[in-house]
């Protein structure tokens, strides 16, 4: 079954923030060259989820994995994305939609948080030495 993935983020009025999501999507794609990946934003930027799904459907995917790039169980995760998928399913009856879990309390986040704290403390120590 040919699959594609949409990495869905909130979106920002600041284009630099949206570029971070686009960069992440590109890096995920580079880590999986044969995979099909699209980015989508819930607000403030494009493409939206419908546009990203249309791009994948045009490539003949039969399954779309929606990967919410959210830390917590907010409205986009619990309401907005499922509602958008409910609208998309009838438009693409040949496509199976699967929603991955958002980040929540994934064990890798503990390590990331610890790494960021260490980086901050190391940076603070470096500045104190100057």
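Here are some notes:
- Check on residue 110, surrounded by fewer than 14 Cβ atoms within 10 Å (Cβ to Cβ), in contact with a strand residue (DSSP E or B) (Cβ under 9 Å, 6 or more places away or on another chain) and not in a loop (DSSP other than H, G, I, E, B): no
- Count of residues meeting criterion [modelled with pLDDT under 95 and outside any loop (DSSP other than H, G, I, E, B)] in the range 71-90: 0
- Search result, residues across the range 1-36 that are loosely packed, with under 12 Cβ neighbours inside 10 Å and part of a loop (DSSP other than H, G, I, E, B): 1, 2, 13, 14, 32, 33, 34
- Flag if residue 66 is under 25 Å from residue 19 (Cβ atoms), touching a strand residue (DSSP E or B) at 6+ places or on another chain (Cβ under 8 Å) and part of a strand (DSSP E or B): yes
- Filter result for residue 53 (closer than 21 Å to residue 109 by Cα and in a helix (DSSP H, G or I)): no
- Members of the range 47-99 that are surrounded by fewer than 12 Cβ atoms within 10 Å (Cβ to Cβ) and closer than 14 Å to residue 2 by Cα: 58, 59, 60, 94
- Matching entry among 93, 47 (being under 15 Å from residue 9 (Cβ atoms) and either part of a loop (DSSP other than H, G, I, E, B) or touching a residue at least 12 places away in the same chain (Cβ under 8 Å) (or both)): 47
- Screening 61, 39 for residues that are assigned to a strand (DSSP E or B), at pLDDT 95 or above and touching a strand residue (DSSP E or B) at 6+ places or on another chain (Cβ under 9 Å) leaves exactly one candidate, 39.
The values are calculated or read from the model by the stated rules, or taken from the named source; none is laboratory data. All of these numbers come straight from a predicted model, not from anything done at the bench. So basically every Cβ, Gly included, is an ideal-geometry build from the backbone, and we count neighbours across all protein chains shown.
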